[in-house]
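Undergrad: Dumping the structure here so I can ask a few things about it.
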Amino acid sequence: MQTVDVVVLGAGAAGLMCAIEAGRRGRSVFVLDHAERIGKKILISGGGRCNFTNLHCRPESFLSSNPHFAKSALARFTPADILALVEKHGIRYHEKTLGQLFCDRSAHDIVTLLERECKDANVRILTATRIECLTQSANPSAPASPRFTVETSSGAFRASSVVVATGGLSIPKMGATSLGYQLAQQFGLALVPCRPALVPLVFNPEDRDRWCDLSGLSTEVVAVATTKRPVRFREKMLITHRGLSGPSILQASSYWQPGQPVELDLAPEAQLLSPLFARNARRDTASAVAALRTLWPARLAERWLAVYPPSGWTNATLEAFERDLHAWRITPAGSEGYDKAEVTAGGVDTAELDARTMESRKVPGLYFIGEVVDVTGWLGGYNFQWAWASGASAGRAA
Ligand code: FDA
């Protein structure tokens, strides 16, 4: 039996950042993970280059039942803070688009950074360690006595603080488990129902027959996410062999509820049919296809005309045709689920946690950070920023 100050469950982005902050304060810290190596999701993130933060990080870019909850942590560990660490380790990076910062070389650089910082802060990491159970001591309120016991396949640990950083349900084959949610329930904390987010959407059978043979085609769209205040994402949409993907769709998917339509403007800020309104312009299918092709791939333009032929060539019907392509409403049959979702929305109810420290209000010494909490970022480095920020907050308190 080892007795330490802090045990962190999960050696992902949030857990490692928490361990570093706690270790720097002189706390004795163990990080435990069932995977054979640390930071597996970091390694596959951002196409292998890890989009480690976003320069435009704002609380509005996160979904949560309490939109204010993330503000405190995000203000106390900002993109500039992770950037300072990245620069300290001489990691070269670039802004790809929309404030998204990626490593020039490889996501391995970020994992190496975290490993080195853990070493400097005397954090001990045990991989390939199965968590068997977490129990509270008989007298958890007695000062100086460790409040928790964690039993694992690598032995038992007594700790005054336990930080749950076991992530969400996305990509089970990478080792995602529901442990964090189970622990929350074990200690009586409420959960917001989980759902796959940042996930490709699947067409209903009718749309699949219409579009799926165009798999691989993409175009820039505005996807409108239906919330209290609609959010608009102007990015690429990709047709897949099952439905729609691409950044605009992934973003909208986080807000999507089954049965709801998704609304897409397929030609943002353009009036595609305006050539057909010119004096003496031809008005027929070929001229309409030519007009759509100025923005879209040819096969998409042709298919659109075949699926939605204008009901005539009058000004009124052409205006209606133009309006429809700026407000294409499709009702997906579903999403590709946790196998393909980048993140899990929902999780430990933020009402259960102190927004400054991530500590449970009901169970002193028990903390929840990262994706397991009901805070989900947009695509583009926001989820890692939440992992760093919530991890740092807990690490400064645990
Ligand atoms: P994370 O999942 O990283 O870590 C949890 C840890 O807990 C893992 O090491 C796991 O092995 C361990 N664990 C789980 N269950 C356990 C158990 N029962 N026992 C012991 N250990 C257990 N975000 C972003 O901002 N930029 C990006 O570029 C990307 N790219 C990206 C690509 C892909 C393919 C995916 C799937 C996701 C992304 N993300 C992303 C999202 C990002 O990876 C995610 O939000 C963070 O990794 C969450 O960090 P956490 O530390 O909370 O969980």
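Coordinate-derived values only; no laboratory data. All of these numbers come straight from a predicted model, not from anything done at the bench. Please note: Cβ atoms are built from the backbone with ideal geometry, for glycine as well, and neighbour counts cover all protein chains shown.
Undergrad: Compute the helix-to-body angle for 298-307: its Cα long axis versus the longest principal axis of the chain, expressed 0 to 90° and rounded to tens.
TA: Relative to the chain, helix 298-307 is tipped by roughly 70 degrees.
Undergrad: Next question. Could you go through segment 208-220 in sequence order and give the Karplus-derived ³J(HN,Hα) for each residue, using 6.51 cos²θ - 1.76 cosθ + 1.60 with θ = phi - 60°, rounded to whole Hz, and x for Gly and Pro?
TA: 4, 4, 6, 10, 5, 6, 8, 3, x, 7, 9, 7, 7
Undergrad: How would W211, W388 line up from fewest to most surrounding beta-carbon atoms within 10 angstrom?
TA: On the way: W211 20, W388 30.
Ordered from fewest to most neighbouring Cβ atoms within 10 Å, W211, W388 come out as W211, W388.
Undergrad: Restricting to bridges with both residues inside the chain, how much of the DSSP beta-bridge set is antiparallel, in percent to the nearest 5?
TA: 70 percent
Undergrad: Once both axes come from the Cα atoms, what is the angle between helix 382-397 and the longest principal axis of the chain, in degrees from 0 to 90, rounded to 10?
TA: With rounding to tens, the tilt is 20 degrees.
Undergrad: Counting pairs of alpha carbon atoms under 8 Å apart in space and at least six apart in sequence, what relative contact order in percent does segment 202-335 give? Each step should come with its number before you reach the end.
TA: Details: 222 pairs, mean separation 39.7, N = 134.
For segment 202-335, the relative contact order is 30 percent.
Undergrad: Mind checking the angle between helix 79-88 and the chain's longest principal axis? C-alpha axes, 0 to 90 degrees, to the nearest 10.
TA: Roughly 70 degrees between the two axes.
Undergrad: Now a separate question. Take the Cα atoms of segment 1-90, find their three principal axes, and give me the spread along each one in whole Å, biggest first.
TA: 44, 31, 29
Undergrad: Next question, about the same structure. Ordered by residue, what ³J(HN,Hα) values in Hz, to whole numbers, does segment 151-159 give under the Karplus form 6.51 cos²θ - 1.76 cosθ + 1.60, where θ = phi - 60° and Gly and Pro are x?
TA: Each residue of segment 151-159 in turn: 9, 9, 5, 9, x, 9, 10, 10, 8 Hz.
Undergrad: Also, I was wondering about something else. Running Debye on segment 239-398 with equal point scatterers at the Cα sites and no solvent, what base-10 log of I(q)/I(0) appears at q = 0.12, 0.17, 0.19 Å⁻¹?
TA: Evaluating at q = 0.12, 0.17, 0.19 Å⁻¹ gives log10 I(q)/I(0) of -0.69, -1.00, -1.14.
Undergrad: Would you mind ranking V375, V86 so that the residue whose beta carbon has the fewest other beta carbons within 10 Å leads the list? Don't jump to the answer; show the numbers that get you there.
TA: Numbers: V375 31, V86 20.
If I rank by nearby Cβ atoms, fewest first, I get V86, V375.
Undergrad: Regarding the chain, what whole-number volume in Å³ per residue does the convex hull of its Cα atoms give?
TA: Numbers: hull volume 55.1 nm³, N = 398.
Spread over its residues, the Cα hull of the chain gives 138 Å³ apiece.
Undergrad: Considering the alpha-carbon set of segment 189-264 alone, what are its Rg and its Dmax in angstrom?
TA: 13.1, 47
Undergrad: Continuing with the same structure: Using the alpha-carbon centroid of each, what span in Å lies between segment 318-369 and segment 12-91?
TA: When both Cα centres are located, 19 Å separates them.
Undergrad: In addition: Over segment 329-398, what lengths in whole Å, largest first, do the semi-axes of the equivalent ellipsoid take, defined as the square roots of 5 times the eigenvalues of the alpha-carbon gyration tensor?
TA: Computed over segment 329-398, the values are 28, 14, 9 Å.
Undergrad: To continue, here is another question. Return the subset of K173/K236; K340/K362; K119/K362; K41/K71; K41/K96 for which the Cα-Cα distance in this structure is over 29 Å, preserving the input order.
TA: Numbers: K173/K236 27 Å; K340/K362 34 Å; K119/K362 32 Å; K41/K71 25 Å; K41/K96 20 Å.
Too far apart for the 29 Å limit: K340/K362; K119/K362.
Undergrad: Sort L191, L273 so that the residue with the fewest other Cβ atoms within 10 Å of its own Cβ comes first and the one with the most comes last. The partial results should precede the final answer.
TA: Working: L191 17, L273 20.
Ascending number of Cβ neighbours within 10 Å: L191, L273.
Undergrad: Further, regarding this structure: Counting helices only, and only those DSSP H runs with n ≥ 4, report the 222 nm mean residue ellipticity of the chain as the sum of -39,500 (n - 2.57) divided by its residues, in deg cm²/dmol to the nearest 500.
TA: Values: 12 runs with 115 residues, N = 398.
Calculated mean residue ellipticity at 222 nm is -8500 deg cm²/dmol.
Undergrad: Below 8 Å, C-alpha to C-alpha, sequence gap of six or more: please give me the relative contact order for the chain in percent. Could the numbers behind the result be given before it?
TA: Numbers: 911 pairs, mean separation 101.2, N = 398.
Once normalised by length, the contact order is 25 percent.
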